[in-house]
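Asker: I have a structure here, written as structure tokens, and I will follow up with some questions on it.
What follows draws every value from the coordinates through simple rules; no lab data is involved. Everything numeric in this text was worked out from a predicted model, so none of it was measured. Here the Cβ is made from the backbone with ideal geometry for all residues, glycine too, and neighbour counts use every protein chain on show.
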Amino acid sequence: MAPRLVIFGRQGAGKGTQCAFLTDHYGAVHISTGDMLREAVAAGTEFGALAKPFMDSGQLLPDDVMVGVVRERLSESDVSERGFLLDGFPRTVPQAEALCAEVEVDLGVNLDVSEEVSRARMLDRGRNDDTPEAIDKRLAAYADQTVPTIEWFAAQDRMVTVDGVGEQAEVSARLVAAINERLGS
């Protein structure tokens with residue numbers, strides 16, 4: 001099976017950890033827009049220079065910028081052969097509409113943790129861009145923009161929600177069970 005999945009969850013929900021597991025399990029390509037953005041900033045690319053002020057202030061990048069970056073990555077041959085796990089995109093309904101107009105998405109998967117758990121995990125990981133102010137802005141942006149995106153996928157009957165709290169192996173098992181049940185594998 002070459003699944004085409006969009007992974008949702010508040011920052012700090014464990015998406016990166018679970019995507020690594022799902023990549024091993026399904027063989028799909030993990031595409032983390034957050035990693036792509038941080039690498040571009042660290043490398044000092046033109047795109048990184050554009051992204052940095054948004055990231056430093058905890059804001060999301062404009063939809064057209066993100067859609068273009070993801071469109072380019074999804075056009076690569078490894079994705080067409082192995083499927084994908086999109087992590088960090090789409091975060092808005094217009095991004096979801098643009099994505100689904102161009103690429104077939106099998107399922108959205110919401111890794112659900114509370115704001116309190118998310119905040120604590122972000123503070124514990126100690127990244128430079130995880131200041132309390134930036135965290136609060138990210139959580140507010142998630143509530144305002146990404147939650148409606150999750151609802152958009154749910155309205156199309158392409159969403160499963162999985163409890164993201166617990167031991168890593170327990171969460172992984174819940175994810176695989178939910179995905180396989182919905183995709184009929």
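Asker: Using +1 at the Cβ of each Lys and Arg and -1 at the Cβ of each Asp and Glu in segment 4-183, identify which of 62, 122, 51 lies farthest towards the dipole's positive end.
Answerer: 122
Asker: Which GluC sites (Glu not before Pro) from segment 111-185 combine a DSSP loop assignment with at most 15 other Cβ atoms within 10 Å? Show your work: numbers first, answer last.
Answerer: Details: sites: 115, 116, 133, 151, 167, 170, 181; in loops: 167.
Loop-located and lightly packed - 167.
Asker: Let me ask something else. Kirkwood hydrodynamic radius (Cα pairs, Å) of the chain?
Answerer: 16.6
Asker: Another one. Kirkwood Rh over Cα pairs of segment 22-113 into Stokes-Einstein at 4 °C, 1.567 mPa s: D in µm²/s? Let's see the in-between values first.
Answerer: Details: Rh = 14.1 Å.
My calculation gives 92 µm²/s for D.
Asker: For a test of the definition: using alpha carbon positions, the gyration tensor, and the 1.5 limit on a/c, classify segment 108-185 as rounded, prolate or oblate.
Answerer: Because a/c hits 1.5 or more and a/b fails to exceed b/c, segment 108-185 counts as oblate.
Asker: Run the helix sum for the chain: -39,500 (n - 2.57) per DSSP H stretch of 4+ residues, divided by residue count, reported at 222 nm to the nearest 500 deg cm²/dmol.
Answerer: Values: 10 runs with 108 residues, N = 185.
The per-residue figure over the chain is -17500 deg cm²/dmol.
Asker: Take 33, 131 and order them by how many other Cβ atoms sit within 10 Å, fewest up front. Walk me through the numbers before you get to the answer.
Answerer: Values: 33 19, 131 14.
Ordered by Cβ neighbours within 10 Å, fewest first: 131, 33.
Asker: Place a +1 charge on the Cβ of each Lys and Arg in the chain and a -1 charge on the Cβ of each Asp and Glu, then give the dipole magnitude about the Cα centre in debye, rounded to the nearest 20. Walk me through the intermediate numbers first.
Answerer: Details: 18 positive and 31 negative charges, 33 e Å.
About 160 debye.
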